Amino acid sequence: MSQSCIFCAIVAGTIAADVLYQDGRVVAFRDRSPQAPVHILLVTRHHFASIDDPAVPADAAACAALFAAGQAVARQVGVERNGYRLVMNHGSDGGQTVQHLHAHLLAGRSLGWPPG
Ligand code: 5GP
Ligand code: ZN
C-alpha cells in the first residue's frame, strides 16, 4: 500500500467509491469522471505503479485476476453482448493520471478507433 495513493485508499475503504465487484486481488468501482455510459475501473489490491512496474510480470496471479475480473464485471453489467473495451494507460503519452495499476472498462456506446 502506498500512503498517498488514492486507489490504495479506495481499496482500503478509507475513500468512498461505487464498488461493483471485489475479490481477493481486484476491486472494481465506477470512474468518477465517466467517459462512456459504462466506465468502471478495475484495480489490483496490491499497489503496482502501472503496467510498467517491474513487479508486474512476477505476479501472474494478480495479472490473471485482473483479466478474470474484467470478464466478470463486463458480464455483471451486461455489456458482453454489445462489446466493450478494456484499456490500461501508462505514462504521460498513455494519459495515465493515477499511479496505481488499473484497467478501464468502457462500454455502452460505439467506441472510436484509434483512440485520441
Ligand atoms: P488514468 O488516467 O490513470 O488512466 O485513469 C485514472 C482514472 O481514475 C480517471 O479516469 C479518473 O477519472 C479516475 N479517478 C481519479 N480519482 C478518482 C477517485 O477518487 N474516485 C474514482 N471513482 N475515480 C477516480
Ligand atoms: Zn496504490
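The values are calculated or read from the model by the stated rules, or taken from the named source; none is laboratory data. This structure is a prediction, so every number in the text was calculated from the model and none was measured. Every residue, glycine among them, receives a Cβ derived from its backbone with ideal geometry; neighbour counts consider all protein chains shown. These accessible areas exclude ligands, DNA and RNA; they are computed on the full protein's heavy atoms, side chains included. Shrake-Rupley method; radii C 1.70, N 1.55, O 1.52, S 1.80 Å.
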*Where the Cα atoms of the chain are projected onto their three principal axes, how long is each span, largest first, in whole Å?*
37, 29, 27
*Just name one of 58, 83, 29: the one whose Cα is farthest towards the positive end of the charge dipole of the chain (beta-carbon charges, Lys/Arg +1, Asp/Glu -1).*
83
_Neighbour net charge for residue 47 - beta-carbon separation under 13 angstrom, K R +1, D E -1_ = 0
*How much accessible area does residue 88 have with a 1.4 Å probe, in Å² rounded to the nearest 10?*
70 Å²
*Degrees, to the nearest 10: 60-76 long Cα axis against longest axis of the chain*: 30 degrees
*Roughly how many percent of the accessible protein surface of the chain is carbon and sulfur, given a 1.4 Å probe and a whole-percent answer?*
52 percent
*At what distance in nm do the modelled label points of residue 21 and residue 81 sit from each other, each positioned 7 Å from its Cα along Cα→Cβ?*
1.8 nm
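Kindly state, to the nearest 0.05, the FRET efficiency for residue 88 paired with residue 64, given R0 = 22 Å and r defined as their beta-carbon distance.
On the way: r = 15 Å, r/R0 = 0.68.
Using R0 = 22 Å, I get an efficiency of 0.90.
Mean separation of Cα pairs under 8 Å and 6+ residues apart, divided by the residue count of the stretch 6-107: what relative contact order is that in percent?
On the way: 153 pairs, mean separation 32.6, N = 102.
Normalised by residue count, the contact order of the stretch 6-107 is 32 percent.
For n ≥ 4 DSSP H runs only, could you compute -39500 (n - 2.57) per run for the chain, divide by its residues and tell me the 222 nm figure to the nearest 500?
Numbers: 3 runs with 28 residues, N = 116.
Calculated mean residue ellipticity at 222 nm is -7000 deg cm²/dmol.
Mind checking the per residue accessible area of the chain for me, 1.4 Å probe, whole number of Å²?
Details: 6830 Å² over 116 residues.
Averaged over the residues of the chain, the accessible area is 59 Å².
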*Computed lengthening from residue 35 to residue 98, 0.36 nm per intervening residue step minus Cα-Cα distance*: 21.1 nm
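With only Lys, Arg, Asp and Glu charged, each at its Cβ (+1 for the first two, -1 for the last two), find how big the charge dipole of the stretch 6-107 is about the Cα centre; round to the nearest 20 debye.
Details: 7 positive and 8 negative charges, 63 e Å.
About 300 debye.
When Lys and Arg each count +1 and Asp and Glu each count -1, what net charge do the other residues less than 10 Å away from residue 59, Cβ to Cβ, add up to? Spell out each step's value before the answer.
Working: positive: 25; negative: 53.
So the environment of residue 59 carries a net charge of 0.
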*Quickly work out the residue 110-to-residue 12 label distance, labels modelled 7 Å from Cα along the C-beta direction, and quote it in nm with one decimal.*
4.5 nm
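Order the peptides 20-26, 78-84 from the highest to the lowest mean number of other Cβ atoms within 10 Å of their residues. Show your work: numbers first, answer last.
On the way: 20-26: 15.6, 78-84: 13.7.
Put in order of decreasing packing, that is 20-26, 78-84.
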